[in-house]
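Taken together, the values in this text are just the output of simple stated rules run on the coordinates, not laboratory data. Remember, it's a predicted structure, so these values are computed and weren't measured experimentally. All Cβ positions, glycine included, derive from the backbone under ideal geometry; neighbour counts span all protein chains shown.
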Amino acid sequence: MSKKTLWETYTPEQKTAMTEFCEGYKKHLSACKTERECVTDMVKQAKSYGYEDLDEIIAQRKALKPGDKVYAVNRGKMLVLVQVGKKPIEEGINILGAHIDSPRLDLKPNPLYEDSGLAMLKTHYYGGIKKFQWVTLPLALHGVIVKKDGTAQEVVLGEDPSDPVLGISDILPHLGKDQAVKKLGEAFGGEDLNVCIGSIPEEDDGENPVKRHILKLLAEKYGMEEEDFLSSELEIVPAGEARDYGLDRSMILGYGHDDRVCGYTSFMAMMDCPSTDRTVVTVLTDKEEIGSVGATGMHSRFFENVIAEVMECCGTYSEMKLRRTLAASKMLSSDVSAAFDPNFPAVSEKNNTPFFGYGPAFFKYTGSRGKSGSNDASAEYIAQLRKLFDEEGIAFQMGELGKVDQGGGGTIAYIPAQMSMDVIDMGIPLHSMHAPFEIASKTDIYEAYRAYKAFLTRV
């Protein structure tokens with residue numbers, strides 16, 4: 001790690017470019033609080049950069065040639081972008097991989113009920129959250145309602161300044177004696193995270209008048225009935241835009257840095273990537289926070305299938321060539337890490353902990369304690385990347401996620417590694433990871449973009 005921060009080494013021109021880049025990122029982070037919103041926004045942008053829908057290419061039986069750019073969407077929640085290189089694809093591809101899901105509260109299938117004159121929504125938390133952090137915050141409702149006829153209605157409530165917000169109450173300290181003696185992780189149970197959504201009753205003598213009034217409002221606004229909750233994906237997220245953080249505006253506070261900060265920097269590196277010798281790919285995946293499972297997680301065959309389809313459109317597909325392609329590929333698993341926090345020094349070992357202002361951090365391995373569940377990148381691959389970034393003048397750090405016995409975490413790296421490709425984690429350090437609002441340094445965000453672009457073009 002350099003002795004000087006990027007704030008000290010950046011030229012005025014680099015600082016200007018960094019500021020402009022981070023303003024674009026803040027807009028993306030503010031507008032895209034679900035996987036679907038991320039994919040929708042990125043597809044729109046990708047089209048403006050000349051990317052075409054792979055499904056349309058296949059349907060039209062069009063051939064792909066070097067320089068062609070395509071995208072593929074999986075169920076609206078996973079995105080793969082490909083730029084065909086000059087060299088045969090079976091010589092390997094350069095891959096950036098990040099996830100675009102974040103910890104949150106999901107509505108249960110039957111969420112709406114009435115209790116004591118209040119309409120409430122039952123939730124089921126998604127990913128690793130500290131439940132106590134989600135109370136007394138202004139919350140928004142994002143997602144999609146899919147009706148029986150297949151029509152879909154997007155929902156965004158609580159973001160416009162004219163919108164109401166939702167929330168979860170906490171007990172007042174005057175009556176919180178019993179709560180105060182509980183362990184921090186036990187003060188709130190999963191079934192206590194119920195969102196208040198209204199209190200005005202219908203003007204009749206029927207049962208559950210407040211609930212019925214809420215259903216009336218939902219019907220008017222979204223054309224939905226109560227049973228439509230069954231086929232909806234509705235997420236409770238913090239309301240409000242991403243903001244500059246610190247008196248010097250050196251950082252960004254927002255919901256979903258993990259891992260949209262690496263998703264956005266990877267995406268923009270892909271958009272700004274010139275024609276390359278090797279085929280380059282960016283994979284933006286779902287479900288990482290719950291194990292990368294399901295049809296839209298990294299464990300699915302979607303990424304592999306997209307590469308097979310691209311090879312077919314290039315006239316080079318065979319099962320053996322696909323295997324050779326994947327084994328010869330190189331990947332950066334772009335996921336966030338924990339930055340050293342002076343409020344909590346005891347959980348970190350300073351010699352192997354990333355800091356704000358020194359660029360993205362390599363994690364040779366993640367996992368927990370005895371490297372359990374990790375991809376352990378090879379020394380040869382790390383040496384290759386060190387050489388590349390030093391030649392490009394790109395700052396980077398090496399780190400671990402806390403002290404050995406403290407805990408740990410995982411990423412998607414071990415999954416593509418099963419295809420025998422070289423993979424290493426490289427991401428942006430954060431404070432307050434998995435909290436409703438996380439913090440990242442602007443210099444680290446911009447330097448990650450530079451690193452990812454260099455990786456795509458030069459590895």
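Taking the number of other C-beta atoms within 10 Å as the exposure measure, put His299, His174, His124 in order starting with the fewest.
Values: His299 17, His174 6, His124 13.
Starting with the residue having the fewest Cβ neighbours, the order is His174, His124, His299.
Per 0.36 nm of contour for each residue apart, how much would the distance between Val146 and Ala63 grow if the chain were fully extended, relative to their Cα-Cα spacing? Walk me through the numbers on the way to the answer.
On the way: separation 83, 0.36 × 83 = 29.88 nm, distance 3.52 nm.
Length difference between fully extended and current span is 26.4 nm.
Out of the DSSP beta bridges found with both residues in the chain, what percent are antiparallel (nearest 5)? Mind showing how you got there, number by number?
Working: 54 of 76 bridges.
Approximately 70 percent, going by the DSSP bridge assignments.
Between segment 324-351 and segment 387-436, what is the C-alpha centre distance in whole Å?
2 Å
Per the helix-only calculation at 222 nm, which mean residue ellipticity applies to the chain, given -39500 (n - 2.57) for every DSSP H run of n ≥ 4 and division by its residues, nearest 500 deg cm²/dmol? All intermediate terms of the calculation are to be shown ahead of the outcome.
Details: 12 runs with 133 residues, N = 459.
After summing the helix terms and dividing by the residues of the chain, the value is -9000 deg cm²/dmol.
Arrange Val144, Val84 by Cβ neighbour counts within 10 Å, fewest through most, would you? Walk me through the numbers on the way to the answer.
Numbers: Val144 17, Val84 23.
In increasing order of surrounding Cβ atoms, one gets Val144, Val84.
Go ahead and run the numbers for FRET between Glu202 and Gln133, Cβ-Cβ distance against an R0 of 41 Å, rounding to 0.05.
That gives a FRET efficiency of 0.75.
Work out, step by step, the length gained on full extension between Glu226 and Ser250: first 0.36 nm times the residue separation, then minus their alpha carbon distance; give nm to one decimal.
4.1 nm
Taking the Cα centroid of segment 104-175 and of segment 187-243, what is the distance between the two, rounded to the nearest whole Å?
About 7 Å separates the Cα centre of segment 104-175 from the one of segment 187-243.
Given the C-alpha centroids of segment 1-70 and segment 357-380, what is the distance between them in whole angstrom?
First find each Cα centre; the distance between them is then 25 Å.
Tell me, Phe396, Phe340 in order of fewest to most beta-carbon neighbours within 10 Å? Numbers along the way, then the final one.
Numbers: Phe396 21, Phe340 17.
If I rank by nearby Cβ atoms, fewest first, I get Phe340, Phe396.
What angle, in degrees between 0 and 90 and rounded to the nearest 10, separates the Cα long axis of helix 209-222 from the longest principal axis of the Cα atoms of the chain?
Rounded to the nearest ten degrees, it is 40.
Calculate the dipole size of segment 104-238 relative to its Cα centre from +1 charges on Lys and Arg beta carbons and -1 charges on Asp and Glu beta carbons; express the result in debye to the nearest 20.
Working: 14 positive and 25 negative charges, 152 e Å.
Charge dipole of segment 104-238: 740 debye, to the nearest 20.
Take every DSSP beta bridge whose two residues both sit in segment 1-89, then give the antiparallel share in percent to the nearest 5.
Numbers: 6 of 8 bridges.
Given both bridge residues lie in segment 1-89, the antiparallel proportion sits at roughly 75 percent.
Can you classify segment 1-146 as rounded, prolate or oblate using the Cα gyration tensor, where a ≥ b ≥ c are the square roots of its eigenvalues, rounded means a/c under 1.5, and otherwise it's prolate if a/b beats b/c and oblate if not?
Details: a/c = 2.62, a/b = 1.36, b/c = 1.92.
Taking the square roots of the gyration eigenvalues as a ≥ b ≥ c, segment 1-146 is oblate.
Too long at a 21 Å Cα-Cα cut-off: which of Lys350/Lys403; Lys47/Lys69; Lys27/Lys122; Lys15/Lys47?
Lys27/Lys122; Lys15/Lys47
Please determine, in degrees from 0 to 90 and to the nearest 10, the orientation of helix 12-31 with respect to the longest principal axis defined by the Cα atoms of the chain, where the helix direction is its Cα long axis.
40 degrees
What ranking do 137-143, 292-298 get when scored by the average of other Cβ atoms within 10 Å per residue, highest first?
Working: 137-143: 20.9, 292-298: 19.1.
Sorting 137-143, 292-298 by mean packing, highest first, produces 137-143, 292-298.
Under 18 Å from a label point 7 Å along Cα→Cβ of Asn305: give me every residue in segment 397-440 with its amide N that close.
416
Can you give the FRET efficiency to the nearest 0.05 for Ala17 and Gln384, using r as the Cβ-Cβ distance and R₀ = 25 Å?
0.40
Mind checking which of Ser378, Tyr51, Phe344 is farthest towards the positive end of the chain's charge dipole, using Cβ charges of +1 (Lys, Arg) and -1 (Asp, Glu) about the Cα centre?
Value computed over the given set: Ser378.
Between beta-carbons, use under 11 Å as the cut-off and find the net charge around Arg324, counting Lys and Arg +1, Asp and Glu -1.
On the way: positive: Lys321, Arg323; negative: Glu90, Glu91, Glu319.
So the environment of Arg324 carries a net charge of -1.
Going down the table (Lys65/Lys87; Lys44/Lys77; Lys330/Lys364; Lys3/Lys371; Lys131/Lys183; Lys44/Lys442), which pairs top 19 Å between alpha carbons?
Listed pairs above 19 Å: Lys3/Lys371; Lys44/Lys442.
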